[in-house]
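Each remark here refers to the structure printed beneath this line.
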Amino acid sequence: MTDNLRRLSAEGVAIWLDDLSRARLDSGNLAELVRDKEIVGVTTNPAIFQKAISGKDDYNAQLRDLAVREVTVEEAVRMITVQDVRRACDVLKPVYVASNHVDGRVSIEVDPRLAHKTEPTVAEARQLWWLVDRRNLFIKIPATKAGLPAISQAISEGISVNVTLIFSLERYKAVMDAYLTGLERAKEAGLNLAEVESVASFFVSRVDTEIDGRLDKLGTDEAKALRGKAGLANARLAFEAYEEVVASDRWKALAAAGANPQRPLWASTGVKDPAYKDTLYVDELVVAGTVNTMPEATLEAVADHGDIHGDAVRGTYDAARADLAALEQLGVSYDEVVQLLEDEGVEKFETSWNELLDSVQKELQRLRP
């Protein structure tokens, strides 16, 4: 069952798990996935931690200690999530070493309530970098307008960043510019650019979910023919934009100084519509030099019946542009959709974070002597 995963890795796609919990760590499951399922990285987000912690006994011992110390709920949540991420970094360290520091990465996100505040985002990025204290960490910063200068600042200080919640091509180009700006500042400050890494998380399935809903309302044959095409088209054009950047003189100067490329990462790759093959956003986004972060169900589906058939991205750009143009002709506004998805993405993570705070607060009150 792992032949497809090996094939995907051989095509130059780094397979990361989009999940983490203390149960995975305590049971050795994460180490097993690294050993047996080609997993070379882990991503987390507020929703993942909310699901992992809420109503689980795995965290009781630490929660009891935090309750005795009478810490704030915000500090309790950070201590819990940092511990999980630090342990995951240690599990992935052999991969980090073997890949010459490219993979073996684990991501932790800044407080999503700071998504529209630049300076607090930078301050928390520094704090999380210090707290976890592992070189194979990524700090996740959202690609909001306020997040862009925070990305540059973090990179300029040598903090490796996973830029999250990217939906639009325009914003993705701004993210790449922010990364290069940060590298240029780091170079001026005398930092070793080879020690700084970054990925840019471009979301896929949510684009189809939103646009397909609008197409279904139209109900025409033309609309039906475009279902399930927007997410792939958007991602493929993002890779085209990435290729343009790495071909630029600006990037070449940084690469000559030891800088690492900011790899595109395909996020939100779990298929939401049962009408589509459950490995769609893996099979059709195979291209060397990218990351695909998958929930475990998608990972198992790819292992069982994925169709890895070589590069599925290069050579598709004209068709991708045509698909997006056809949507506009039907009155489906790309700009409106991607802005809505960014707003909803931030809001969903804020909601998950607040739910996590609420559930941890209840546990602290229950366990406090």
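Peptides 62-73, 35-46, 124-135, 108-119 ranked from most to least packed by the mean count of surrounding Cβ atoms within 10 Å: 35-46, 108-119, 124-135, 62-73. Within the accessible area of segment 97-197, what % is carbon and sulfur when the probe is 1.4 Å and the other protein chains stay in place? Percent of accessible area from carbon and sulfur atoms in segment 97-197: 49. Listed cross-link partners Lys56/Lys362; Lys140/Lys277; Lys229/Lys277; Lys277/Lys348; Lys224/Lys272 are compared with a 24 Å cut-off, the Cα-Cα value being larger for Lys140/Lys277; Lys277/Lys348.
Estimated at 0.36 nm per residue, the fully extended path between Thr220 and Asp318 surpasses their Cα-Cα distance by 32.9 nm. Nearest 10 degrees is fine. How inclined is helix 296-305 to the longest principal axis of the chain, computing both from alpha carbons? Its long axis makes an angle of about 40 degrees. Taking all protein chains into account, the per residue accessible area for segment 45-165 stands at 39 Å² (1.4 Å probe).
Just the number please: accessible area per residue for segment 234-333, 1.4 Å probe, all protein chains included, in Å².
The answer is 39 Å² per residue.
Highest-first packing order for the peptide set 336-343, 229-236 is 229-236, 336-343, based on the mean count of other beta carbon atoms within 10 Å. Between helix 118-132 and the chain there is an angle of about 60 degrees, using the helix long axis and the longest principal axis of the Cα atoms.
When each of the peptides 161-168, 272-279 is scored by the mean number of other C-beta atoms lying within 10 Å of its residues, the order from highest to lowest reads 161-168, 272-279.
Once the Cα atoms are used to define both axes, helix 205-218 deviates from the longest principal axis of the chain by about 50 degrees. Restricting the trypsin sites (Lys or Arg not before Pro) of segment 283-369 to loop positions (DSSP other than H, G, I, E, B) with no more than 13 neighbouring Cβ atoms within 10 Å leaves Arg314.
The values are calculated or read from the model by the stated rules, or taken from the named source; none is laboratory data. As the structure is a prediction and not an experimental result, all values here were calculated from the model. Heads up, the Cβs are rebuilt from the backbone with ideal geometry, glycines too, and the neighbour counts pull from every protein chain shown. Quick note on the areas: whole protein, heavy atoms, side chains included, nothing else; ligands and nucleic acids left out. Shrake-Rupley method; radii C 1.70, N 1.55, O 1.52, S 1.80 Å.
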